[in-house]
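Structure, as structure tokens:
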Amino acid sequence: MPHLSVNPSSKPNCSTVWLISVLLGLLAVHTNANDVLTVPQQVSLSTNMDSQQLSISWLAGAATTFDLMILRTELNENVFYETVSVMVSQLSGRHEWNWTSVEPLQCTSLSIKIRSREGQSTSEWSNTEILQGSDLPSEEECQVFPLDRVVPVGANTTFCCIVKEGNQFGSINYGKTVMNTTRLSRRSYATTVVNQGLSGSSGTNVVCYNNFKGTENGVVVFVGYPPLPSDFVCETHDLTSADIYFELVTEPKKECRVDHWEGNWTLVVVNPLGQYSLTDSAELSHRVTPVAPENLTSVAHATNATVLWQWKYDGYSSLALVCQVELTSQGYKTNHTFSGVGLRAVVLPDLYPYEDYSVQVRCGAQQNFWKWGSWSETMSFKTSSIVPEAPDMWVWMNKDYTGQVIWKPLTRRQSRGLMTGYEVTLWSPEESLQHTEILPPDTFAVPVNLTQMATASSDNMVMATAVYTDSGFFLFWQSDVNTTCAYVVEWHNASCKWNCPVDWIKVAPGNTNVSIESANFQPGVRYDFSLYSSSSEAPELLQRWQGYMQELANLSDPGSRSYTVKSLSEGSYKFTVKAYTSAGEDTGATASIMLEPFTDWLILEILASLGVTALFLVIVTFLCYKKRKWVKKAFYPDIPEPKLPGDWSRSQAPLDVKPPHHSLVHMVERPEWDSSKEALVVIPEEDEDEDGQGIGDELVDTDEPTSLRYYNQVVDERPIRPRYPDSSDSSASSLDSARTDVTYTGIQTSGSSFVFQLDPQGSSEGHQPQADPSSVQEEGEVTGPRCNLESLVMTRAQRHPILFQSPRLLVATNPRAPGKWTPRWTMGKVAAVHPLLVPPPQLLPLSSSSLMERIIQRRNDSPHHQQQHG
Amino acid sequence: MAARRTRGMTGPDVSRSTVARAVSIAEQLRYECSILLELYREKESFTADVLVDGRLVSVAPPSSQLDTRDKLWRLHSALMQCRSLLERAIAREEEELGGGKKGDYETQRKMVKDRLSYLLICTGELLKTAGGAALLTPSLEGLELDGPTALFELKLWVYRIFKEVDYWTKTAITTLEALPSVIAKERVMTSRVRTTRSTRR
């Protein structure tokens, strides 16, 4: 047994003391750590599937820091691994911690384990607790989660599909969009939809398909907004209950009824995304919207009518009302407003007799007016007829005192009912004899003979000239200050002398001028105007005028037989010549002429233009000939020698390119595109078949990248020829290629480098540059260089080197289907475009998608393409 | 004319004009059904891949041994089930997914339902004419009218019902046109007359 002794006289053994101290210290620390870092026990799990929240609780003594690890059980993938600080719950005495999963908790099983941590020290892991997912083999059917969820616009939701046992997963569609998915377990796949847009009223479908595009299952997600009601208002119609209206954004106007007027209301609209409140308060008398008047009736007279109606509710009898009556007659509407307590009848004045009217009524509260109520139904009535107005009559007298009494037809309103006839009474003031005649209603003139009654009167009044203005014939006369009679202005065609169709207008007393306008006035016709005094006595002629609406040429010389009209423009004219006598004018003779342009001048103008053009062309030709050297320099400069990396151009060597899979591509510019026949040719690297057996074989898509060789080459004049294995032919092509000016600087992609390698050996692998036109006819693969490469430039006009840089895109032909296309987006591959689809080379924008669309569009538009398919 | 009967038919005669009317309504219903299906697919972003297998309507299997009355009975029964299903589908849709503003789809859906009712009236008349008047109204027992609770499954169920209406509308046209009615004979007669006339020319 070791004995520990202290000898004060001896020198202390420092190293031993230090060692003991360290050991004791470590022992103390270890003992302490064992006390705190308790392994979590009794881990229990509870879930809230809607919120995707997992609640974990455990016992771990006084420990406050824990490592939590959550794994997807099947794939053992880490979902969550963090150190968290969790205090003991005072309520349960356990450590409790919540974790919200991105994916629905049903998607797959989760394994949870916990350990205590103190600084760098940790306890052992607790036993693993497993939260069972719905992808257990026992649940065979396909399931999609979360089920029928409601989320706000802009939310991100992760959906998962557990495919049916035995089926293979295909895709998850969100609406019409095919989503990217990640695998969670053997049967479970998840996708996350970000920034979700508003869905329709029946939600957005999230559908899971199997690999045969069959529908597995799906869920519906509703993406919307919290409620936002508006226009919340309460009003009463029956003076007792409250009718409540409000609107929601996506729905029709809503309404409900409360039997008693409460005075204060709160509308709370709730949906799964939130709630919104609106309040309204008012006294009943301030919110009266009367109902529509009912049972409208009328009592109609000739010039007024009484309209009566009833109210649905008795309370209206004591309600002060203001009512609008809308009266409609012959398409015109007039509004009349009436008011009164319990108003239920109004008198409509100033109506026309024998007139059809329709009427409707609406009312509002006279005091504290809130709204007009609804219009009543329309009610029609007709006013009764009364005696018509007196006709506007006049008398036309001929020279021999015969004449006619004429009057203007009464309008519908003047007649005030159906006209039955006219009564004309003729009498002499001096005699008591009266002659009365009853005439039918369509008579407007009756002849009279006053030769027995009349006395001669002179009519030698001087004629003044009536001037026609924009507002008609303006007539002015002197008024006798002492005379206050009315006037009548009569007019007629001056050439008419017997029973003339006369027109007249009555002028009120005091007026001394009048403008007479009539649609019957015609140019070139002279009219006589007569002013009469209109009184109880017989009318007295006061003044006479003559005038033209538009005076035409007047030949003063009775012997003249010609008249020249000058400064006429092109067009057709009518000339009317009338003869005048003292008695008036005749009806005239009319001649028509057409003035046509002078056609000779037109011919001269054309000839002159042609001459000037020809002269200009001669001058230009002459100048071009004189300056032909300059022209050549300016428009057809010599093409400079290219700068080639290496000496390949002289070695007649092909460019070997290793395109990725499925890009057996032939690129040849179509001969007809460029008269110079300089073109880029790409041929596939063929099998090393010395017999050339493989050349005629149909090209196949192989997994091995096939080298493409790009030859700068002159294509001969001949049409595209069959592919020859003949090396001499290839050599000739190669020789030709050495003379052209093409520079390849390589192609690079973002993901890979794609470089045209110079092959100084040229035919080291047995491949000779060759025009391979057979592929056009047989496989349809010869193409012009048409790639959407960032700096692919090929301008035929310049014939400059083609630069391939940073290829972005590409579409590969399907060698197995010549003439058809299998457009694919492949990074870093040469874009080969079907030859028959390709228009002359041009620069294309870099947008790959738009390029795709254009290619397809061109493909569809190209007549060559159609021929090819045909 | 409606009372005219033909001889030599399997089973009782049926009214020519009623058959013609029923065929006309069924053809109109078929057209309206196709639009309804299109509108529904568009509304729900359903592709043609959406599978709705299995029949919802349960009737006796078709057989050449059935006489006119039995064929009509089978058709009438199927259409009645279709209408019950359609009414239930509309109700469930309104209940679970409705509430928004009504559009073309809702209008078309109602049109199809109404047209189906007209067709049922016609087939009922034909059935009565064919001697089936004394028969009881086809039973709807056993018809699954509740539908699923999950919304997506409900949508598929509604889609299945529309497809079922479409199917039975086509069947109705086929069945009605195949009835040994005066129409068929008269059509033959008419075509013969035309042929004769054209031959004479």
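The values are calculated or read from the model by the stated rules, or taken from the named source; none is laboratory data. Nothing here was measured: the structure is a model prediction, and the numbers come from that model. Because the Cβ atoms are built from the backbone with ideal geometry, glycine has one as well, and the counts that use them run over all protein chains shown. Accessible surface areas use protein heavy atoms only, side chains included; no ligands, DNA or RNA. Shrake-Rupley method; radii C 1.70, N 1.55, O 1.52, S 1.80 Å.
Each label point was placed 7 Å from the Cα along the Cα-to-Cβ direction; for A:Thr64 and A:Trp375 their separation is 7.9 nm. Largest first, the residues B:Arg30, B:Arg109 sort by 1.4 Å accessible area into B:Arg30, B:Arg109.
Please give the per residue volume of the convex hull enclosing the alpha carbon atoms of the range A:46-90, rounded to a whole number of Å³.
Numbers: hull volume 4.7 nm³, N = 45.
Residue-normalised Cα hull volume stands at 105 Å³.
Computed over the alpha carbons of the range A:493-558, Rg followed by Dmax gives 14.3, 47 Å. With θ taken as phi - 60° and the Karplus curve 6.51 cos²θ - 1.76 cosθ + 1.60 applied, the whole-hertz 3J(HN,Hα) list for the range A:341-350 is 6, x, 3, 8, 7, 9, 10, 9, x, 6 Hz, x standing for glycine and proline. Entry for the range A:378-422 at q = 0.17, 0.18, 0.20 Å⁻¹: log10 I(q)/I(0) = -0.62, -0.66, -0.73, Debye formula applied to identical alpha-carbon scatterers, no solvent contribution.
Kindly sort B:Lys155, A:Lys633 by accessible area of their heavy atoms, largest first, with the probe set to 1.4 Å.
Ranked from most to least accessible, the order is A:Lys633, B:Lys155.
Distant-in-sequence amide contacts of A:Ser428, defined by a placed amide H-H separation under 5 Å and a gap of 5 or more residues or a different chain, comprise A:Leu433. Here the Karplus relation 6.51 cos²θ - 1.76 cosθ + 1.60, evaluated at θ = phi - 60°, turns the backbone of the range B:77-83 into coupling constants of 4, 5, 5, 5, 5, 4, 5 Hz, with x for every Gly and Pro. Here's how it looks for A:Leu552: its modeled amide H is under 5 Å from those of A:Gly524, which are all 5 or more places away or on a different chain. A Cβ-based charge dipole, computed about the Cα centre of the range A:50-176 with Lys and Arg at +1 and Asp and Glu at -1, lands at about 300 debye.
With the Cα gyration tensor of the range A:70-123 giving a ≥ b ≥ c as the square roots of its eigenvalues, does the rule (a/c under 1.5 for rounded; else a/b larger than b/c for prolate; else oblate) give rounded, prolate or oblate? Each step should come with its number before you reach the end.
On the way: a/c = 2.66, a/b = 1.47, b/c = 1.81.
Since a/c reaches 1.5 but b/c is at least a/b, the shape of the range A:70-123 is classed as oblate.
Rolled with a 1.4 Å probe across the full set of protein chains, the surface gives A:Ile606 an accessible area near 90 Å².
Taking all protein chains together and rolling a 1.4 Å probe, A:Tyr81 ends up with roughly 100 Å² accessible. Accessible-area loss of 10 Å² or more (1.4 Å probe, protein heavy atoms, chain alone versus all protein chains) is found in the range B:84-114 for B:Leu97, B:Gly99, B:Gly100, B:Lys101.
The accessible-area ordering, largest first, of the residues A:His301, A:His237 stands as A:His301, A:His237, per a 1.4 angstrom probe.
When you have a sec, figure out the Kirkwood radius of the range A:208-354 from all distinct Cα pair distances and drop it here in Å to one decimal?
Working: mean 1/r = 0.0501 Å⁻¹.
Over the range A:208-354, the inverse of the mean reciprocal pair distance is 20.0 Å.
Scaled to the globular estimate 2.2 N^0.38 Å, the Cα spread of the range B:26-80, given as radius of gyration, is 1.50. If R0 is taken as 41 Å, the Cβ-Cβ distance between B:Ser58 and A:Asn211 corresponds to a FRET efficiency of 0.80. For the pair the range A:519-553 and the range A:96-151, the centres of their Cα atoms are 110 angstrom apart.
Specify which residue in the list A:Gly547, A:Ser535, A:Ser560 is farthest towards the positive end of the charge dipole of the range A:514-578, using unit charges on the beta carbon of Lys, Arg (+1) and Asp, Glu (-1), about the Cα centre. Farthest along the dipole direction, towards plus: A:Ser560.
Per-residue 3J(HN,Hα) values for the range B:31-37, derived from phi via the Karplus relation 6.51 cos²θ - 1.76 cosθ + 1.60 with θ = phi - 60°, read 5, 5, 5, 5, 5, 4, 4 Hz in sequence order (x marks Gly and Pro).
Interface of A with B. Using a 1.4 Å probe and counting protein heavy atoms only, the two chains hide about 1600 Å² of accessible surface, both sides summed. Of the whole protein surface, A:Trp309 contributes about 10 Å² of accessible area at a 1.4 Å probe radius. Treating r as the C-beta distance of A:Ser592 and A:Asn499 and R0 as 41 Å, the FRET efficiency rounds to 0.80.
Label sites at A:Ser51 and B:Gln28, each approximated as a point 7 angstrom past Cα along Cα to Cβ, lie 5.7 nm apart.
Go ahead and run the numbers for FRET between A:Leu91 and A:Glu251, Cβ-Cβ distance against an R0 of 41 Å, rounding to 0.05. All intermediate terms of the calculation are to be shown ahead of the outcome.
Numbers: r = 45 Å, r/R0 = 1.09.
Calculated value: 0.40.
Amide H contacts of A:Thr73 (H built 1.01 Å from N, in plane; Pro and chain starts excluded): A:Ser109, A:Leu110, A:Ser111 sit under 5 Å, all sequence-distant by 5 or more or on other chains. Tell me whether the range A:489-625 comes out rounded, prolate or oblate; compute the Cα gyration tensor, take square roots of the eigenvalues as a ≥ b ≥ c, and use a/c under 1.5 as the rounded threshold. Prolate, because a/c is 1.5 or more and a/b exceeds b/c.
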